[in-house]
Amino acid sequence: MCELCENEGGILLWQDVLCRVVLVEDRDYPGFCRIIWTKHVKEMTDLPVAERRHLMDVVFAVEGAVRQKLKPDKINLASLGNLTPHLHWHVIPRWIGDRHFPNPIWGEMQRDARPAAPEKLAEGLRTLIHEALQPASNSNFVPACPA
């Protein structure tokens, strides 16, 4: 059983037939998003080149939306999958004063800090991601249901 095949993985922000974007409910990292490949695939090189490009276009659109909405000091992009071997990317906004900075969020905690999430974060990100990934430029687009 694969957690990302069985569950949505967060608050749905956008999807098409190839992948979905979810907002991870993490109090320590507001704006933490995942881009999850729809089919159960383990590695980027398991995808044809055009699908790799599509996935990275979505990753970059999400990064841009998170930067625009939250204005973090840094963005971390990660594709690990060690515990969940299903192709997915993490887009993680980072602030110099966050709990783990300068370590990765999975590293040793450096301080007790909880950034405040902006109001209507999911709605704001959903709008920005939809604007970046216009359906006219993507024949695989399927609109996400509002949360």
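Since every read-out is calculated from the coordinates, none of them should be taken as a lab result. Remember, predicted model here, so these are calculated numbers, not experimental data. Counting neighbours? That spans all protein chains shown, and the Cβs are built from the backbone with ideal geometry, glycine included.
Per-structure values
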quantity	calculated
Point-to-point label distance, K120-F60, nm (Cα→Cβ direction, 7 Å offset)	2.9
Longest DSSP-loop-exposure-free segment, GluC sites (Glu not before Pro), the chain, at most 13 other Cβ within 10 Å	44-107
Length added when fully stretched, E25-R52, from 0.36 nm per residue minus Cα-Cα	7.1 nm
Cα-projected label distance for A113 with T127, points at 7 Å along beta-carbon direction, nm	2.8
Correct choice for Rg/Rh (Cα atoms, Kirkwood Rh) that was computed from the model, options (i) 1.10; (ii) 0.95; (iii) 1.01	(ii)
Tilt relative to the chain, helix 49-70 - C-alpha long axis, 0 to 90 degrees, to 10	40
Extension gain from K74 to T45, taking 0.36 nm per residue of separation minus the Cα-Cα distance	7.7 nm
The chain, dipole about Cα centre (Lys/Arg Cβ +1, Asp/Glu Cβ -1), debye to the nearest 20	300
Partner lysines for K120 [C-alpha distance under 18 Å; skip if fewer than 8 residues away on the same chain]	K69, K71
Listed residue (M109, W95, A122) projecting farthest to the positive dipole end of the chain, Cβ model	W95
